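The values are calculated or read from the model by the stated rules, or taken from the named source; none is laboratory data. None of the values given here were measured: they were computed from a predicted structure. Cβ atoms come from the backbone with ideal geometry, glycine included; neighbour counts cover every protein chain shown.
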Amino acid sequence: MTAPRYKLIAWDFDGVLNANVQNGVFKWMTTFEQDTGLPIDSLASYLFSGRFQRAMVGEADLHELVGDWAAEHGVPHRAGEVIDYWFDKDHIPDETTLDVVQRARRAGITNVIATNNEVYRADWIEAQGFGEHMHTVFAAGRMRLAKPDLAYFAHIEDALGHGGKDVILVDDMAENVEAARQHGWDAFHFVPGCHDALAEKLGLAGNR
């Protein structure tokens, strides 16, 4: 049996393992206002003007942020509903990508999630079963580091003992792919429909 091309595959979550991004937009955001009657533009501008980025690396609490926004709109009792809607509608596993993960596991490769999610969604990712496919889950909120910071990749190396070209990042963000390569890893820029090219890159094209 041929030795695996990589010892470790670090999988991004949103847009790779989870097919929840379309044309750069999270799918839950496209139906939120129609389904809840709450203004998505206001929520998006409130969260993604820097507040969510702070939560992403553990410097703010997502539930508190959404609670503050809901209170501003006179619906403090609906803060939990907003997060539940977000997380539930964001659950769109990419079964074809997960099949590649299973092939990698059968080949003896260590697989981890390497995501920029904050702590609550990292817990949700594991609760939804994605963690069962993986050796472990690395999340920005737990690490207090986010891609493309090179320290993010160093943290994973230190935790698992693999580095350099033994490791590949699979990510849909070009800046993260470039950062991983700068750190010395290999990397694959994931785009919709690239599963065959991904399997080829990982040396798994003939593995079923």
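Name the one entry in Glu132, Glu95 that is more than 25 Å from Glu33 (Cα to Cα), modelled with pLDDT under 95, out of contact with any Leu (no Cβ under 7 Å at 6 or more places or on another chain) and acidic (Asp, Glu). Full working, then the answer.
Numbers: Glu95 fails: modelled with pLDDT under 95.
Of Glu132, Glu95, the one residue that is more than 25 Å from Glu33 (Cα to Cα), modelled with pLDDT under 95, out of contact with any Leu (no Cβ under 7 Å at 6 or more places or on another chain) and acidic (Asp, Glu) is Glu132.
Residues that are farther than 24 Å from Ala114 by Cβ and modelled with pLDDT of 95 or more: list the helices (runs of 4 or more DSSP H) wholly contained in the stretch 4-69 that include at least 2 such residues.
On the way: elements: 27-36, 40-47, 51-56.
Passing ranges, in order: 27-36, 40-47.
Looking at the structure I just gave you, is Gln53 within 30 Å of Gly184 (Cα to Cα), in the same structural domain as Ile125 (by TED's automatic domain parsing) and either of a type in the set (S, T, N, Q) or crowded, with 17+ Cβ neighbours inside 10 Å (or both)?
Values: within 30 Å of Gly184 (Cα to Cα): yes; in the same structural domain as Ile125 (by TED's automatic domain parsing): no; either of a type in the set (S, T, N, Q) or crowded, with 17+ Cβ neighbours inside 10 Å (or both): yes.
Answer is no for this residue.
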* Extreme residue, nearest to Asp14 (Cα to Cα), among residues of the stretch 81-119 that are surrounded by 18 or more Cβ atoms within 10 Å (Cβ to Cβ) and without any contact (Cβ under 8 Å) to a residue 60 or more places away in the chain -> Trp86
* Asked: Has the stretch 74-95 got any residue that is over 30 Å from Glu200 (Cα atoms), assigned to a loop (DSSP other than H, G, I, E, B) and out of contact with any Gly (no Cβ under 9 Å at 6 or more places or on another chain)?
  -> yes
* Asked: Given the conditions (1) surrounded by 16 or more Cβ atoms within 10 Å (Cβ to Cβ); (2) more than 18 Å from the chain's Cα centre (by Cα), and given that His77 satisfies all but one, which numbered condition is not satisfied?
  -> (1)
* Structure fact -> Going through (1) surrounded by 18 or more Cβ atoms within 10 Å (Cβ to Cβ); (2) assigned by TED's automatic domain parsing to the domain that holds Thr31; (3) in contact (Cβ under 8 Å) with a residue 24 or more places away in the chain one by one, Leu65 fails only at (3)
* **Residues that are over 20 Å from Ala55 (Cα atoms), surrounded by fewer than 16 Cβ atoms within 10 Å (Cβ to Cβ) and not acidic (Asp, Glu), drawn from the stretch 139-188** => Ala154, Ala159, Gly161, Gly164, Lys165, Ala174, Arg181, Gln182, Gly184
